[in-house]
Amino acid sequence: MAELDTSGGGKKGGGKVRSKKASTRVDLTAMVDLAFLLITFFILTTTLQKPKAMDLTMPDKQEDNKKVELDVAESRTMTILIGKDNKVEWYIGQLLKPIAGPTIEGFGKNGLIKTLVEKQAEIKRTQGKDMIVIIKPSAKSTYENVVTVMDQLNIIGNQIRAIQDISQDDVGLLTAHGLY
């Protein structure tokens, strides 16, 4: 049991004789119990911050370590190279003979998201199939930029995408345009 003693200390020695005051006792047990009940209530009823995670589908591990390559249509494949300074460079088709691009863009509302919407609609209209997006982050890119690209693909509803290692030719293209 807790108690609060408010009696003043007495002076020793001479002086006037005063009457002795009774000390005041305050029992703090109930207040401590109430505090712990309130803390427990708020901990149990508070919604904790939900983790922000993105679902990624990863390929099955190959038992025999063979690389499996799938043929994809060049005319509906967009490659996004993520460079430094929050910039990306994209092209459709192959690097050496692109169908469209290469074009440098940022992440603003008139940047990559606008291009993704336009190209997704164009490929859907002309070929009747969804666009395939290959994301290649460079050593100079940031994790935030990769997440931004993935978020923008989620916004437009793109379901066919892959994250790949960047090739030396792609690094050369980024270097030539000052993004590496």
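No value in this document is a laboratory result; all are computed from the given coordinates. Given the structure is predicted, the values throughout are model-derived calculations rather than measurements. So basically every Cβ, Gly included, is an ideal-geometry build from the backbone, and we count neighbours across all protein chains shown.
Ordered by packing density, taken as the mean number of other Cβ atoms within 10 Å over each peptide's residues, highest first, how do 40-47, 119-126 rank? If you can, show how the numbers build up before the last one.
Working: 40-47: 8.1, 119-126: 14.5.
Those peptides, ordered most packed to least, come out 119-126, 40-47.
As a proxy for reagent exposure, ranking Ser141, Ser19, Ser75 by other Cβ atoms within 10 Å from fewest up yields Ser19, Ser75, Ser141.
In segment 89-158, taking the dipole from charged Cβ atoms about the Cα centre, the farthest positive-side position among Phe107, Ile134, Val146 is held by Ile134.
When the square roots of the Cα gyration tensor eigenvalues are ordered a ≥ b ≥ c, the ratio a/c for segment 74-176 is 1.5 or more and a/b does not exceed b/c, which makes its shape oblate. Between Ala176 and Lys20, the simple label model (points 7 Å from Cα in the Cβ direction) yields a spacing of 10.0 nm.
In the structure shown, the pairs Lys87/Lys119; Lys50/Lys129; Lys52/Lys97; Lys52/Lys129; Lys97/Lys136; Lys50/Lys87 are assessed against 28 Å; a Cα-Cα span above that value is assigned to Lys50/Lys129; Lys52/Lys97; Lys52/Lys129; Lys50/Lys87. Here the Karplus relation 6.51 cos²θ - 1.76 cosθ + 1.60, evaluated at θ = phi - 60°, turns the backbone of segment 130-144 into coupling constants of 6, 6, 9, 10, 10, 9, 10, x, 8, 5, 8, 7, 10, 4, 4 Hz, with x for every Gly and Pro. Modelled this way, with points 7 Å down the Cα-to-C-beta line, the labels at Val32 and Glu118 are 7.1 nm from one another.
For a modelled paramagnetic label at Lys109, 7 Å from Cα along Cα-to-Cβ, the residues of segment 140-158 in reach, with backbone nitrogen under 18 Å, are 152-153, 155-156.
Exposure proxy ranking for Leu116, Leu81, Leu34, based on other Cβ atoms within 10 angstrom of each Cβ and starting from the fewest, stands as Leu34, Leu116, Leu81.
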